[in-house]
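The values are calculated or read from the model by the stated rules, or taken from the named source; none is laboratory data. Computed from a predicted structure; not experimentally measured. Every residue, glycine among them, receives a Cβ derived from its backbone with ideal geometry; neighbour counts consider all protein chains shown. What goes into the accessible areas is simple: the full protein's heavy atoms, side chains included, and nothing from ligands, DNA or RNA. Shrake-Rupley method; radii C 1.70, N 1.55, O 1.52, S 1.80 Å.
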Amino acid sequence: MKIVLNGEAREVAATDLAGLLGECGFSGRVATSLNEGFVPAGLRAAQTLADGDRVEVVAPMQGG
Amino acid sequence: MGKSFYGVELPNPLMLGTAQYPSPAILEEAFRASGAGVATVSLRREGAGGAGQTFWQMIADLGVHVLPNTAGCHTVKEAVTTAHMAREVFDTKWIKLELIGHTDSLQPDVFQLVEAARILSEDGFEVFPYTTEDLIVGERLLEAGCEVLMPWGAPIGSGRGLNNIYALRAMRAEFPDVPLVVDAGIGLPSHAAAAMELGFDAVLLNTAVAKAGDPVAMAKAMMAAVEAGQMACDADPIEARDMAEASTPVIGKAFLS
């Protein structure tokens, strides 16, 4: 299905958020949102994806 | 001594940002050389290379308190969602709440700030609100559940120092028991010392160190400044006066004219 991952259109095989992270090579400390809503790590496997979903994956970065 | 921040006693009054350093090695050295006890951090989109993980490991190894921010957020919803993501990633209840209202000055949108602070406080966050020096806003933030206030000294990254010393002094007087931090606008150690001399409990800065020609030396200078300012405040400084008052005793001066 087609989703938007961190602002870029992607064709993915995964059908849930946890699967998407694995498929796209994300690991370690990341946080996720789906269609602008926070999805806690514990709920990623149960969070199914649909065509057109917008997913954000963020990680620790420098900040002031 | 400064006050505790949500029950945490800090080793010193310097909170240091982690952005804009020439290299990760210089960032790390700035922290180690200065001894700053709090590091501000952010969340950004993770790239394929996992840059965030490398950064996180370095920060974790510093052994400092981590204060994640909501930098760049312009709406309550955005800031609240960012705060939730930060709590999970950094494993802390602390959040430096930034709600930006004006593009050029990055002035906080204090109306949204109060609303977001209430939502997050009710959800168990320990909010460090980046605010203006407005006393009523400060009061509203405390009512919303904040136990710390962080008024700006000057616009972020401007290096102008304390734009409104009168208002900052009024804030200190109005909220004697609340930990107060001057956040943003510091350019020189003298600015940081001045904030501490006013009785503030800490200073949060980033650009003044990161963009200095020698960030490590500047970090040390900032630490010396905040510690000197804090010591001076504790020592009860004299009041300024307009006219001279001789310090050498007049009595006993020989009659020679």
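Key figures for this structure:
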{"item": "Residue among B:127, B:8, B:233 farthest towards the positive dipole end of the protein assembly as shown, charges placed on Cβ", "result": "B:233"}
{"item": "Taking chain A and dividing mean pair separation by its residue count, relative contact order in percent (alpha carbons under 8 Å, at least six apart)", "result": "43"}
{"item": "Where A meets B: accessible area buried, both sides, 1.4 Å probe, Å²", "result": "2200"}
{"item": "Assigned charges on the beta-carbon of Lys, Arg, Asp, Glu; the protein assembly as shown dipole about Cα centre (debye)", "result": "560"}
{"item": "Long pairs among B:96/B:211; B:3/B:96; B:77/B:211, criterion Cα-Cα beyond 25 Å", "result": "B:77/B:211"}
{"item": "Options A:40, A:55, A:6, ranked by Cα towards positive dipole end of the range A:2-58, top entry (Cβ charges)", "result": "A:40"}
{"item": "Label-point gap, in nm, between residue B:25 and residue B:57 - each point 7 angstrom along Cα→Cβ", "result": "1.7"}
{"item": "5 Å-binned pair-distance histogram of chain B (Cα, whole percent)", "result": "1, 6, 13, 17, 19, 16, 11, 6, 3, 2, 2, 1, 1, 1, 0, 0, 0, 0"}
{"item": "Cβ-placed point charges (K, R +1; D, E -1), dipole of chain B about Cα centre in debye, nearest 20", "result": "540"}
{"item": "Virtual spin-label span in nm between residue A:51 and residue B:257, 7 Å along Cα→Cβ", "result": "10.0"}
{"item": "Cα long-axis angle, helix B:110-122 against chain B (0 to 90 degrees, to the nearest 10)", "result": "70"}
{"item": "Unit charges on C-beta of K, R, D, E only; dipole of the range A:2-58, Debye", "result": "160"}
{"item": "Whole-Å distance, taken between Cα centres, linking chain A and the range B:112-170", "result": "33"}
{"item": "Euclidean distance between Cα centres, the range B:213-257 to the range B:1-48, Å", "result": "30"}
{"item": "For the range B:48-64, residues shielded by at least 40 square angstrom of accessible area compared with the chain on its own, probe 1.4 Å", "result": "B:53, B:55, B:56"}
